[in-house]
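See below for the structure under consideration.
The values are calculated or read from the model by the stated rules, or taken from the named source; none is laboratory data. Keep in mind it's a predicted model, so treat the numbers as computed, not measured. Heads up, the Cβs are rebuilt from the backbone with ideal geometry, glycines too, and the neighbour counts pull from every protein chain shown. These accessible areas exclude ligands, DNA and RNA; they are computed on the full protein's heavy atoms, side chains included. Shrake-Rupley method; radii C 1.70, N 1.55, O 1.52, S 1.80 Å.
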Amino acid sequence: MQKTPKYLIYNATIGKLPDDLLMISVFVQKDDAITFLQKHEYYELGWCREGSGIFVVGNKVLPYQSNDVICIPPGEAHLARSLSGHSSEWVYFFIDFHAILPDPGILARLSGEHFRNIFRSREIIGILERILAIDANKSAQRTLHLRAELLHLAAELVERAQNEEKGESGNTDSHLNPEAFARIQKAVDYFVLHYGEKIQIPKVASLCALSRTHFRRIFLAATGMTPQHYLNHFRIGMALTLLRETDASIAEIAFSCGFPTLSSFNRQFQIEAGTSPTRWRAMFHNEKRRKRGRIRQEKIRG
């Protein structure tokens with residue numbers, strides 16, 4: 001069995017946060033090899049605005065892509081690297097939830113080897129966007145508005161963790177192996193660069209100098225998914241971005257993301273997102289309209 005490599009752990013002390021609430025940092029993540037991990041004294045919420053790569057969190061290796069969110073509790077060792085030859089842009093929010101919540105113990109679910117630190121949530125990204133807008137505004141009510149949004153953020157995070165616990169089905173993606181991931185790194189890079197094309201898994205296995213059977217076993221140990229599942233998951237993630245940010249038709253998005261037929265795209269989208277592409281896009285735009293309405297109301301009240 002592969003052993004988890006031993007990383008040097010670095011305490012990256014942040015110190016006192018502005019207004020005793022949070023600090024926001026925009027960071028460009030390079031593709032440097034991970035040789036150490038760092039940990040902070042506050043909760044860290046990260047929003048990947050562009051790019052893809054991996055995050056090592058403790059003994060977990062978690063792939064990320066654009067519009068993923070990561071949640072790292074205080075004291076949990078972590079570090080990221082972007083896809084080879086690329087960089088990614090993150091916005092990080094360092095938050096002192098213990099100074100905000102009447103009972104910080106409710107956040108206990110947001111830690112441990114079974115917690116899936118990286119996820120995708122339109123609701124949480126919406127809160128992070130509002131926090132950015134409030135922080136930039138610097139109004140007299142800034143601290144009050146920030147506190148309200150941070151309470152909302154904590155509630156959304158806990159609810160998401162609770163829902164995930166209820167839906168546990170024996171997935172193995174919470175016990176991931178950094179050493180195994182290094183052996184299939186070329187395959188992940190290939191998937192990310194060529195996801196819109198027809199991909200033959202045996203060809204990708206050969207990039208890693210592995211037989212198809214051995215490749216599948218190591219890939220599962222490294223990511224918690226089979227190669228085909230990982231590829232489909234990534235393709236649907238890209239499709240979600242196109243549905244959200246473009247007016248391209250469902251068929252155009254399906255083919256651009258590497259699906260040979262519209263029916264295969266619809267079927268895989270239902271598996272990954274729990275609804276149809278058309279309904280998902282409508283839900284997103286409805287939420288966007290509601291958000292604009294809330295912003296107009298806040299401006300009127302302000």
Subject >> Net charge of Cβ neighbours under 14 Å - reference Gln65; Lys, Arg +1; Asp, Glu -1 >> reply: -1
Original post:
Solvent-accessible area per residue for segment 1-144 at a 1.4 Å probe radius, Å²?
Top reply: 46 Å²
**OP:** Report, to the nearest whole %, how much of the accessible area of the chain belongs to carbon and sulfur atoms, 1.4 Å probe, protein only.
**Re:** 53 percent
**OP:** State, to one decimal in nm, how far the label point of Ser206 lies from the label point of Ala133, with both points 7 Å from Cα in the Cβ direction.
**Re:** 5.2 nm
Original post:
Dipole size in debye (nearest 20) for the chain around its Cα centre, Lys and Arg Cβ +1, Asp and Glu Cβ -1?
Top reply: 700 debye
Subject >> Taking the chain and dividing mean pair separation by its residue count, relative contact order in percent (alpha carbons under 8 Å, at least six apart) >> reply: 15 percent
Subject >> Surface per residue (accessible, 1.4 Å probe) for segment 207-276, Å² >> reply: 47 Å²
Subject >> Exposure ranking of Leu231, Leu220 by accessible area [1.4 Å probe, largest first] >> reply: Leu220, Leu231
**OP:** Over 23 Å between C-alpha atoms is what I'm after, so list which of Lys39/Lys60; Lys60/Lys186; Lys30/Lys203; Lys30/Lys198; Lys39/Lys138; Lys16/Lys60 land there.
**Re:** Lys30/Lys203; Lys30/Lys198; Lys39/Lys138; Lys16/Lys60
**OP:** Quick one: grab the alpha carbon gyration tensor of segment 48-136, order the square roots of its eigenvalues as a ≥ b ≥ c, and give me rounded if a/c is under 1.5, else prolate or oblate depending on whether a/b is larger than b/c.
**Re:** oblate
